[in-house]
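Participant: Input: one structure, supplied below.
The values are calculated or read from the model by the stated rules, or taken from the named source; none is laboratory data. What you see is a predicted model; the values in this text were computed from it and never measured. Counting neighbours? That spans all protein chains shown, and the Cβs are built from the backbone with ideal geometry, glycine included.
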Amino acid sequence: MTRTAPHSAAAATSFRREWLSPFLFSLLLSLLLVTPFFLFGTASGHDFEFHAPSWLDAAYQWKQGILYPRWTAWTNHGFGEPRFIFYPPLSWMLGAALSLVVPDAAIPVTFIVLVQTFAGLAAYALLRRLVCRRAALLGASFYVVNPNALLLSYIRSDFAEQLACAFLPLLFLMTLRLCELFDDPEPRGPALPLFSLVFAALWLCNAPAAVIATYSASFLMAWTVISRRSPRIAGRCFAALLLGFGLAAFYIVPAAYEQRWVNIGQALSSGLLPVQNFLFTSIDDVEHTWFNWIASICTLSLILLAAVAALASRRFSRPGQENRRVALALLALAAVATFLTVRWSAPLWELLPKLRFVQFPWRWISALAVLACCFLGFVLEKRRGWMWFAALLFLSLPLAYFLGINTWWDEDEMSIQRDALVSEHGFDGTDEYDPLGDDHSALPADAPLVKVLPVDSGEKAAQKAAIEIETWTTESKRIRVNTPTSARVALRLLNYPAFDVNVNGRAIRPERMDDFNQMVVPIAPGASEIHVQFTRTADRKIGNAASLLSGGIFVLLLWRRRRRD
């Protein structure tokens, strides 16, 4: 035991020496990134009023003992929606956790700082396998404040996609390891299960980013298998993808199956179609066109950086260059990603499975940011490579200023969202998560929890009834109603197949209002006990079982590798 202590101390010292500088640089630049938040308030970008309510709603349900929410409590002004079934959990869980430990106004800033610091460390892990320590440190630092990070932080406020972009360098790293493309000896650590873990994490962050990550990883795998004619690598890659999907199956299976229960087609409504969002595309909507040009400028800047850095690196000039196979594979992926942002690629957006649900072709900026940093790392290894970093950091300032003046700053944004929950007024719903047959824009904003209606809709009002609400939580509602005549009880709740409705212990099928899909329960004269419970449907059970099985395989692979080592 005494002989291993010096080795452990040396390993700990080496670890601190390797990772302390990347951590400090990433943290410092992350704080620099959010400096305007301290001066002007919260950047209330396009998706802010989707993510912030999700954080507060999830934290509200945690206090009810619901550890993994599926139904929202306060969207659609309290009628709810199945948002947490369809939207991946990692971002809204992180936001909910932050809402319990930091003041409301500090939640977005803390979220961005944590995520971008992690993004810098992830980029460093990738670049360290490609270039020297100094080049990796500077390249990772640029990734923290790259144009996509600025766009996400200031204008888009898509916190889930920002979290996914933090994982993306790790996915590239694990994909290159899985494909055995690195020139240096393979480090310890099982490539297959680690790839699957990062791949699953991306699917649990943001679905459009995960689709891009899946196509990116699959392209690198196909490129390697075809160029090296290796069935063994093909088998490993297929198994890794399968295990990754299995680990995230508890989210993917219900989200895929229950699309038939909501208006998921609204995700591709006007303004959200790929054909309307290629680089520098103009449509009749002036605000949409202006934002598309802003996103296009950021995307084009990374395309140009990747191209110029790739040429300046000279990694492709002759055989024998270090990590030349990696550079060629990344260059091919950069070419494909660039092509998918322009109108000529429109047929592929229609043909490739689920690619159209990425919605915005310029979203490939997430992959291009990682690729640009890789080529930048190659250049930074040169004698005066640090000048590239200084120039890029200097050029980031006017871009940050430009994005900052084109967003909406509000000191009270988070307090407004909190007040909507505390006052029980609730939040707006989402078009694509609205249950079938409903128009959430027609829902009354101040509906009572329970309202007794006459059986005949032509009657003006029901006779007086005694109402007692025993339980009213997000997933369970129990109400007692005593009425002298038959009546209908309207609940502030939307109909959704996952709700089981019982009256006096007998399962019934609820009715609905004429104008919107509010749950209406018919009752007989006398005392009635209504119980509504959000249940675990078969698709959720299948997804949970697949994830548990995949988790067991994941642990087994780690155990076998550790035993072999």
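Listed here are the residues, each with its yes/no results for (1) among the hydroxyl-bearing types (Ser, Thr, Tyr); (2) assigned by TED's automatic domain parsing to the domain that holds LEU493.
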position	(1), (2)
TYR401	yes, no
TRP409	no, no
VAL422	no, no
LEU436	no, no
ASP439	no, no
VAL452	no, yes
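This table checks each residue for (1) assigned to a helix (DSSP H, G or I); (2) crowded, with 16+ Cβ neighbours inside 10 Å.
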site	(1), (2)
PHE245	yes, yes
PHE250	yes, yes
VAL253	yes, yes
ALA256	yes, no
ARG260	yes, no
SER270	no, no
VAL275	yes, no
LEU279	no, yes
SER282	no, no
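Participant: If only one of ALA524, ALA498, ALA490 is crowded, with 17+ Cβ neighbours inside 10 Å, more than 30 Å from PHE250 (Cβ to Cβ), among the aliphatic types (A, V, I, L, M) and not assigned by TED's automatic domain parsing to the domain that holds TYR257, which one is it?
Facilitator: ALA490
Participant: From the set of residues in the range 30-56 that are of a type outside the set (A, V, I, L, M, F, W, C) and closer than 22 Å to ALA267 by Cα, which is nearest to the chain's Cα centre (by Cα)?
Facilitator: HIS51
Participant: Got a number for residues in the range 417-432 being out of contact with any helix residue (DSSP H, G or I) (no Cβ under 9 Å at 6 or more places or on another chain) and not small (Gly, Ala, Ser)?
Facilitator: Here the count works out to 2.
Participant: Given the condition farther than 30 Å from GLU49 by Cβ and surrounded by 24 or more Cβ atoms within 10 Å (Cβ to Cβ), answer yes or no: does some residue in the range 228-236 qualify?
Facilitator: Scanning the range 228-236, I find no residue that is farther than 30 Å from GLU49 by Cβ and surrounded by 24 or more Cβ atoms within 10 Å (Cβ to Cβ), so the answer is no.
Participant: Within the range 15-38, is there a residue that is closer than 30 Å to GLU432 by Cβ and without any contact (Cβ under 8 Å) to a residue 60 or more places away in the chain?
Facilitator: The answer is no; no qualifying residue exists.
Participant: Quick one: what pairs do we get from the range 357-370, first residue within 14 Å of THR338 (Cβ to Cβ), second among the acidic types (Asp, Glu), C-beta under 9 Å, 6+ apart or different chains?
Facilitator: ARG363/GLU161; SER366/GLU161
Participant: Oh, and also: Residue under question is PHE23, and the condition is that it be outside the structural domain of ARG512 (by TED's automatic domain parsing), at pLDDT 95 or above, assigned to a helix (DSSP H, G or I) and closer than 30 Å to ARG512 by Cβ; does it hold?
Facilitator: No.
Participant: Also, quick follow-up: Taking PHE516 and the conditions (1) part of a loop (DSSP other than H, G, I, E, B); (2) surrounded by fewer than 16 Cβ atoms within 10 Å (Cβ to Cβ), which numbered condition does it fall short on, given that it satisfies the others?
Facilitator: (2)
Participant: Another one. Can you find a residue in the range 63-70 that is buried (at least 21 other Cβ atoms within 10 Å of the Cβ), in a helix (DSSP H, G or I) and of a type outside the set (Val, Ile, Thr)?
Facilitator: Scanning the range 63-70, I find no residue that is buried (at least 21 other Cβ atoms within 10 Å of the Cβ), in a helix (DSSP H, G or I) and of a type outside the set (Val, Ile, Thr), so the answer is no.
Participant: A follow-up question, please. Pick from LEU443, LEU380, LEU392, LEU436: which is surrounded by 15 or more Cβ atoms within 10 Å (Cβ to Cβ), aliphatic (A, V, I, L, M), farther than 30 Å from VAL308 by Cβ and modelled with pLDDT under 95?
Facilitator: LEU443
Participant: Right, next: Please go through the range 157-183 and give me each residue that is in contact (Cβ under 8 Å) with a residue 60 or more places away in the chain and of a type in the set (D, E, K, R), ordered by number.
Facilitator: ASP158, GLU161, ASP183
Participant: Output the residues belonging to the range 459-515 that are touching a strand residue (DSSP E or B) at 6+ places or on another chain (Cβ under 6 Å) and on the phi > 0 side of the Ramachandran plot.
Facilitator: ASN504
Participant: Same structure again: Quick one: would you say HIS77 is in contact with a Gly (Cβ under 9 Å, 6 or more places away or on another chain), crowded, with 19+ Cβ neighbours inside 10 Å and modelled with pLDDT of 95 or more?
Facilitator: So HIS77 fails the test.
Participant: Additional query: Quick check: anything in the range 330-341 outside any helix (DSSP H, G or I), modelled with pLDDT of 95 or more and assigned by TED's automatic domain parsing to the domain that holds TRP223?
Facilitator: Within the range 330-341, one or more residues are outside any helix (DSSP H, G or I), modelled with pLDDT of 95 or more and assigned by TED's automatic domain parsing to the domain that holds TRP223.
Participant: Answer with yes or no whether ALA234 is within 20 Å of ALA334 (Cα to Cα) and part of a helix (DSSP H, G or I).
Facilitator: So ALA234 fails the test.
Participant: Moving on to the next point. Six or more apart or on different chains, Cβ under 6 Å: which pairs go from a residue in the range 538-555 that's of a type in the set (A, V, I, L, M, F, W, C) to one that's surrounded by 16 or more Cβ atoms within 10 Å (Cβ to Cβ)? Could you list them?
Facilitator: Short answer, once both residue conditions are applied: ILE542/VAL253; ALA546/GLY246; ALA546/ALA249; PHE554/PRO193.
Participant: Looking at ALA105, is it of a type in the set (A, V, I, L, M), in contact with a helix residue (DSSP H, G or I) (Cβ under 6 Å, 6 or more places away or on another chain) and crowded, with 22+ Cβ neighbours inside 10 Å?
Facilitator: Spelling it out, it is not the case that ALA105 is of a type in the set (A, V, I, L, M), in contact with a helix residue (DSSP H, G or I) (Cβ under 6 Å, 6 or more places away or on another chain) and crowded, with 22+ Cβ neighbours inside 10 Å.
Participant: Here's something else I'd like to know. Suppose we filter LEU300, LEU348, LEU340, LEU333 for residues that are touching a Leu at 6+ places or on another chain (Cβ under 9 Å), under 20 Å from TYR215 (Cα atoms), surrounded by fewer than 20 Cβ atoms within 10 Å (Cβ to Cβ) and of a type outside the set (Ser, Thr, Tyr); which single one remains?
Facilitator: Of LEU300, LEU348, LEU340, LEU333, the one residue that is touching a Leu at 6+ places or on another chain (Cβ under 9 Å), under 20 Å from TYR215 (Cα atoms), surrounded by fewer than 20 Cβ atoms within 10 Å (Cβ to Cβ) and of a type outside the set (Ser, Thr, Tyr) is LEU348.
Participant: Spot the failing condition for LEU181; the list is (1) under 25 Å from LEU137 (Cα atoms); (2) assigned to a helix (DSSP H, G or I), and only one is missed.
Facilitator: Checking LEU181 against (1) under 25 Å from LEU137 (Cα atoms); (2) assigned to a helix (DSSP H, G or I), the one that fails is (2).
Participant: Something else now. Filter the range 530-543 for residues that are surrounded by 16 or more Cβ atoms within 10 Å (Cβ to Cβ) and in a helix (DSSP H, G or I) and give the result.
Facilitator: ASP539, ARG540, GLY543
Participant: Failed condition for SER396, given (1) in contact with a Ser or Thr (Cβ under 9 Å, 6 or more places away or on another chain); (2) within 25 Å of ASN148 (Cβ to Cβ), with all others met?
Facilitator: The number of the failed condition is (1).
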